[in-house]
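A quick write-up on the structure given underneath.
Rule-based calculations on the coordinates, nothing more; no lab input. Given the structure is predicted, the values throughout are model-derived calculations rather than measurements. Cβ coordinates were reconstructed from backbone atoms using ideal geometry, including for glycine residues, and neighbour counts include every protein chain displayed.
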Amino acid sequence: MNWSTLNLLGYAGLIPFLGLGAAAHFIHDPQLQGLLLKANALYGASIVSFLGAIHWGLALGMHAAADPQCNCAADEHRRDGQISMPNWDSRELVWGITPSLMAWAATTLLPARDACAALVLCLITVWCVDTRLYSRLASLARFLSLRTQLTLGAVGGLLMSTVA
């Protein structure tokens, strides 16, 4: 894995959160501010959905690694014919769709400012659950550290929108 690319893309992903949050905080035109709040809420919803999708990616990767017919890159996770990663089960797959449903509900049912506040709660909830699940995989410790920093940045940008 190329960590410099992962870090670059992760931190670049904070630019919309922080930029839209700051702009909404300092722009007092109600129409433009409403547009900025909606844009930040929709961006937040897409990121929350992305975080849930990671679970499906892990499950698919582990399935490929466990398939003896597979000649794919995931085979590097094998050691002496054994899979070195625990299998993701149906609970993790169900959890994987839950963040997108929470984000969809927030952006569909709430005004933009309230949706930003709800997405803060979504991000914190997703981080808490993911921390528990990902801690089962020692290989994700570095990712979890990055996730913590990115979650704090995203929460900060959404909070700026919430108090704008």
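Working note: Karplus 6.51/-1.76/1.60 with θ = phi - 60° gives the stretch 50-59 the couplings 4, 4, x, 5, 4, 5, 5, x, 4, 4 Hz, where Gly and Pro are set to x. Estimated from the Cβ-Cβ distance and a Förster radius of 30 angstrom, the FRET efficiency linking Gln31 and Ile124 is about 0.50.
The distance between label points at Ala138 and Asn7 comes to 2.3 nm (points 7 Å beyond Cα on the Cα→Cβ vector). Leu37 sits among other residues whose Cβ lies under 14 Å from its own Cβ, and their net charge, with Lys and Arg +1 and Asp and Glu -1, is 0.
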